Amino acid sequence: MTSSLHSRRTLAAGALALTGTLALSACGSSDSDTDSASGKTHVIRTAMGDVKVPVAPERVVVLDTAELDSAVTLGVKPVGATHVEASSGFPGYLPKKKLSGIKDVGEMLNPNMEAIAALHPDVILTSKIRHAAKYDQLKQIAPTVMTENTGYPWKENFQVHADALGKKAAATKAVSAYEAHAKKVTTAVGGPAKAKATKVNVVRFVEGADIRIYGEQTYIATLLKDVGLGRPAISAKAKDGFSYDVSPEKIDLADADVIFRATYGDPKKAKENQTIGSSLWKNMGAVKKGNVHTVDDELWIQGIGYTAANKILDEMQKDLTAKK
């Protein structure tokens, strides 16, 4: 396996979820300690232990898409952020004006430590699943807040990010707005009963890997659940709740009332082209009924946060209520 392929597989696996989530409750009380740069500090409980951070950090560096989404959602513009391997910049679904001026500090799995240090951050946000091996280096640069994982525990992680950024009040508003939005989508698709009766699968074509049918322990699955949509039985068979992987010759196992499909990397190398051109694909019920919707991988799979979630809900409503 090449290092590039390994990176892609690590990214794909982490981008949604692994099991064994750690609900990290953040300790939000300020203490009397101060530091010369930012004034008062408080302690955040992280996957790497308690970390003291400024109460209102001004120079934030984020090392993954989830942390970038959290910062943008909370009205914080980081001074630095990483990019994922398959893209040439920051996620396109985020408002350009909110990304303007952020320095790219390297590819997500291999951030440039010198570039990060040059920004003189007062807090760094990431996760243990991404950068545990780099923690000792990162904490020498600035207090580093790591959640245990990314993807599935995104709501708990968001609260940790909010506390680390001194934005707990803004977080409460963001969560309330999202919950109201999800209920609106449920109503739009015909109410709770109809939503539950609509079985939905999310399929991802991944360059250099098998085709993924996403399971219940994933970021995107939480959005489907929040709307109240049903899931086919195959989703419960996903390994560790993450994904049930199939070859093009078994793509019919992905059939459902509705399928959302995304592609990471080169479509040909991801087996997308050969799969959707096959008779197995064309004979699936969702395909015959016109209920397969192509979605942006960067948004639906890599985004992982409330800004992404609200955009996904909008697209989900549009696709599920479109007249055939």
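The values are calculated or read from the model by the stated rules, or taken from the named source; none is laboratory data. Predicted model only: the values in this text are computed from it and were never measured. Because the Cβ atoms are built from the backbone with ideal geometry, glycine has one as well, and the counts that use them run over all protein chains shown.
Residues that are of a type in the set (Phe, Trp, Tyr) and more than 19 Å from residue 229 (Cβ to Cβ): does the range 282-303 have at least one?
For the range 282-303, residues of a type in the set (Phe, Trp, Tyr) and more than 19 Å from residue 229 (Cβ to Cβ): absent.
Quick check on my filter: what residues within the range 78-125 are of a type in the set (Asp, Glu) and either under 28 Å from residue 45 (Cβ atoms) or in contact with a Cys (Cβ under 8 Å, 6 or more places away or on another chain) (or both)? Write out each step before concluding.
Applying the first criterion (of a type in the set (Asp, Glu)) to the range 78-125 yields 85, 104, 107, 114, 122.
The one that is of a type in the set (Asp, Glu) and either under 28 Å from residue 45 (Cβ atoms) or in contact with a Cys (Cβ under 8 Å, 6 or more places away or on another chain) (or both): 122.
Of all the strands (runs of 3 or more DSSP E) wholly in the range 208-270, which have at least 1 residues that are among the small types (Gly, Ala, Ser) and out of contact with any Gly (no Cβ under 8 Å at 6 or more places or on another chain)?
258-264
Has the range 123-140 got at least one residue that is in contact with a helix residue (DSSP H, G or I) (Cβ under 8 Å, 6 or more places away or on another chain) and assigned to a loop (DSSP other than H, G, I, E, B)?
no
Regarding residue 91, is this residue out of contact with any helix residue (DSSP H, G or I) (no Cβ under 8 Å at 6 or more places or on another chain), within 21 Å of residue 300 (Cβ to Cβ) and surrounded by 21 or more Cβ atoms within 10 Å (Cβ to Cβ)?
no
Which one of these is in a helix (DSSP H, G or I) and surrounded by fewer than 22 Cβ atoms within 10 Å (Cβ to Cβ): 175, 185?
175
Taking the options 274, 302, name whichever one is surrounded by 23 or more Cβ atoms within 10 Å (Cβ to Cβ) and either under 20 Å from the mean Cα position of the chain (by Cα) or not in a strand (DSSP E or B) (or both). Steps first, answer last, please.
Numbers: 274 fails: surrounded by 23 or more Cβ atoms within 10 Å (Cβ to Cβ).
It is 302.
Yes or no, residue by residue, for (1) touching a helix residue (DSSP H, G or I) at 6+ places or on another chain (Cβ under 7 Å); (2) modelled with pLDDT under 95:
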site: 238; (1), (2): no, yes
site: 259; (1), (2): yes, no
site: 285; (1), (2): no, no
site: 292; (1), (2): yes, no
site: 309; (1), (2): yes, no
site: 317; (1), (2): yes, no
site: 322; (1), (2): no, yes
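Check off (1) touching a strand residue (DSSP E or B) at 6+ places or on another chain (Cβ under 6 Å); (2) among the aliphatic types (A, V, I, L, M); (3) within 30 Å of residue 183 (Cα to Cα) for residue 270 and give me the number that stays unchecked.
(3)
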